[in-house]
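In what follows, a single structure is set out as structure tokens and then discussed.
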Amino acid sequence: MTKASDLFIQALENEGVEYIFGIPGEENLDLLNSLKDSPIRLVLTRHEQGAGFMAATYGRLTGKPGVCLSTLGPGATNLVTPAAYAQLGAMPMMMITGQKPIKKSKQGRFQILDVVDMMQSLTKYTKQVVSGNNIPSMVREAFRLATEERPGAVHIELPEDVAAEEAVEQVLPVNQTRRPSPDIKAVKHAVKMIEAAKMPLLLIGAGANRKRTQDALQEFVEETKMPFFTTQMGKGVLDERQDLYLGTAALSSDDYLHYAIDKADLIINVGHDVVEKPPFFMEHGGKEVIHINFSSAEVDQVYFPQHSVVGDIADSIRNVTRQIDSQDHWDFGFYHKVHDEVNSHITKYFNDNRFPMLPQRIVHLIRESLPEDGIVTLDNGVYKIWFARNYECYQPNTLLLDNALATMGAGLPSAMAAKLIYPDKKVVSVCGDGGFMMNSQELETAVREKIDVVVIILNDSAYGMIKWKQEGMGFENYGLDYKNPDFVKYAESYGAKGHRVDSDESFTKILNEALSEGGVHLIDCPVDYSLNHSILNVKIKEKADLL
């Protein structure tokens, strides 16, 4: 006989769980006691939301479900945003929540919500454990579903009385499932379409960044010499220093890159994820699209591909590469002009040393300061567009941005998780002042856990993204400005080191010293967003003569 909470921890160990992020409550005490002697490490956070973001990022980077823990009621409701973050972003994550006794209650409805029902629309799987003997199969099924394409969030509720009861079952073996290969006829038809096109163009989306598709896509690009572009969450799959990289679709329209997209007669869309803003719009009688993904396309008004290759992405691309022949009639000359124009546009302000600093300058200096495998995590704000467009990624998952839920508050917890997974890599979190303050208390967690991380706060004392939209729509500025604390003193109060940038020259010096010294560093950097409208809002019709 085994206590149910012990069996639960054994099931997690069986799945290879390394960390549980979270805040236990009294309903989790049996589970907490079972965890005490486990090799699984509990990372106690200061808010359940921070725990959920850390678990989701663990899943994003490893492909294995990250695990987070909360009590019932308010603890569980604080996991709603991380659940949506993981589900929309296709990040495998398991949430474990406690509950009052379900077999004999003496407390009425105090703190009791139907958490399983609440999680129904936010997860791939949500269940309450009603018997300790159900634990092995429930945990195994939850992990299977969390990992299976398309990955996402799962939830198990473990009531207090069930956790304390005896169970006789044993954990189930973990069997890895191979993803199916694509249909041979589908591959041949895709090859035929690509060879017949005049100006084919390769698009790399979020799905291609979830699994190891880098080698297969690089072989395809080298064989065909075909230019490519990415969505925001597809950045880094291929080294973006190569001449065939046209850029990232950071805006939905009206950008230099979109002029190239409009010229394409065929787009090979690899790893399309419907949650990302569409980087192009289809029209009947317009460009054709080949959909290459783990699953068939979700069809809507702007995306209805003419052909699909369904199966393991890397396997699909390799099959296409083996069969395709480069064509003399392919015309990539226009794309090369776009590449040069995009580079000229993006690098224009790299050396502008005005103060407060331009986001373009900050992006450039961070890229110069980090090694090739350094990781940048972003919170959410207008600066995310500048990083998507201007930050060159050399390796997969080295720029972690959220173009799915696009929530604020995830930047710092994501950086902490990344550093736990990759202790030898340099990790920088870039946050707006608004987003940082939504989970700033996790600085204490980072200090306590001895997580080396550098946090750069882009300080404009406002909700800058909404202010930019407000101005762009012709409204007067109203309701979006606030006052910030002294961020240097704030960092020091948690035991971190605080720095204030007072000139362009001081930024790189402070950043490099913080990266080399280790520990938790916070850098308060004033930012100037005044050029957002004049640079981001470039209209296609104004570029025709340039291209």
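The one condition from (1) buried (at least 20 other Cβ atoms within 10 Å of the Cβ); (2) in a loop (DSSP other than H, G, I, E, B) that Ala446 does not meet is (2). Scanning region 373-423 for residues that are of a type in the set (D, E, K, R), out of contact with any strand residue (DSSP E or B) (no Cβ under 9 Å at 6 or more places or on another chain) and more than 16 Å from Lys235 (Cα to Cα) yields nothing. Among the residues of region 469-481, those identified as free of Cβ contacts under 8 Å to residues at least 40 places away in the same chain and of a type outside the set (A, V, I, L, M) are Lys469, Gln470, Gly474, Phe475, Glu476, Asn477, Tyr478, Gly479, Asp481.
Against the criterion of being surrounded by fewer than 20 Cβ atoms within 10 Å (Cβ to Cβ), under 20 Å from the mean Cα position of the chain (by Cα) and not charged (D, E, K, R), Gly59 does not qualify.
When the residues of region 298-331 are filtered to those that are part of a loop (DSSP other than H, G, I, E, B) and surrounded by 17 or more Cβ atoms within 10 Å (Cβ to Cβ), the one that is modelled with the highest pLDDT is Ile324. Applying the condition of being in a loop (DSSP other than H, G, I, E, B) and under 28 Å from the mean Cα position of the chain (by Cα) to region 458-481 and asking which residue is farthest from Leu515 (Cα to Cα) yields Leu480.
Take the conditions (1) touching a residue at least 40 places away in the same chain (Cβ under 8 Å); (2) out of contact with any Gly (no Cβ under 8 Å at 6 or more places or on another chain); Met282 misses just one of them, which is (1). Please count how many residues of region 400-443 are in contact with a Lys or Arg (Cβ under 6 Å, 6 or more places away or on another chain) and either surrounded by fewer than 24 Cβ atoms within 10 Å (Cβ to Cβ) or farther than 17 Å from Tyr85 by Cβ (or both). Result for region 400-443: 2. For first residues located in region 121-147 and farther than 22 Å from Met91 by Cα, partners that are of a type in the set (Phe, Trp, Tyr) and lie 6+ apart or on another chain with Cβ distances below 7 Å form the pairs Ile135/Phe8. Against the list (1) closer than 30 Å to Leu122 by Cβ; (2) not in a helix (DSSP H, G or I), the condition Ala388 fails is (2). Of the candidates Val488, Val455, the single residue that is in contact with a strand residue (DSSP E or B) (Cβ under 7 Å, 6 or more places away or on another chain), in a strand (DSSP E or B) and closer than 29 Å to Asp424 by Cβ is Val455. Return the residues of region 472-491 that are closer than 19 Å to Pro526 by Cβ and either surrounded by 12 or more Cβ atoms within 10 Å (Cβ to Cβ) or of a type outside the set (Ser, Thr, Tyr) (or both); say none if nothing qualifies. Residues satisfying the conditions are Asn477, Leu480, Asp481, Lys483, Asn484, Pro485, Asp486, Phe487, Val488, Lys489, Tyr490, Ala491. Please specify each residue of region 433-489 satisfying the condition of being at pLDDT below 95, closer than 25 Å to Val376 by Cβ and among the hydrophobic types (A, V, I, L, M, F, W, C). Answer for region 433-489, where residues must be at pLDDT below 95, closer than 25 Å to Val376 by Cβ and among the hydrophobic types (A, V, I, L, M, F, W, C): Ala462, Met465, Ile466, Trp468. The single residue among Gln242, Gln232 that is modelled with pLDDT of 85 or more, within 23 Å of Tyr391 (Cβ to Cβ) and buried (at least 17 other Cβ atoms within 10 Å of the Cβ) turns out to be Gln232. Does Asp373 satisfy the criteria of being assigned to a loop (DSSP other than H, G, I, E, B), of a type outside the set (Ser, Thr, Tyr) and more than 26 Å from the chain's Cα centre (by Cα)? Considered against the rule, which asks whether it is assigned to a loop (DSSP other than H, G, I, E, B), of a type outside the set (Ser, Thr, Tyr) and more than 26 Å from the chain's Cα centre (by Cα), Asp373 comes out as no.
For region 492-542, filtered to residues that are crowded, with 18+ Cβ neighbours inside 10 Å and of a type in the set (Ser, Thr, Tyr), the residue that is modelled with the highest pLDDT is Tyr494.
Kindly evaluate Ala146 against the criterion of being modelled with pLDDT of 95 or more and surrounded by 18 or more Cβ atoms within 10 Å (Cβ to Cβ). Yes.
I'd like the residue in region 261-287 that is among the charged types (D, E, K, R) and part of a helix (DSSP H, G or I) and, out of all such residues, is farthest from the chain's Cα centre (by Cα). Per the stated criteria, the residue is Lys263.
The values are calculated or read from the model by the stated rules, or taken from the named source; none is laboratory data. The structure displayed is predicted, hence computed values, not measured ones. Every residue, glycine among them, receives a Cβ derived from its backbone with ideal geometry; neighbour counts consider all protein chains shown.
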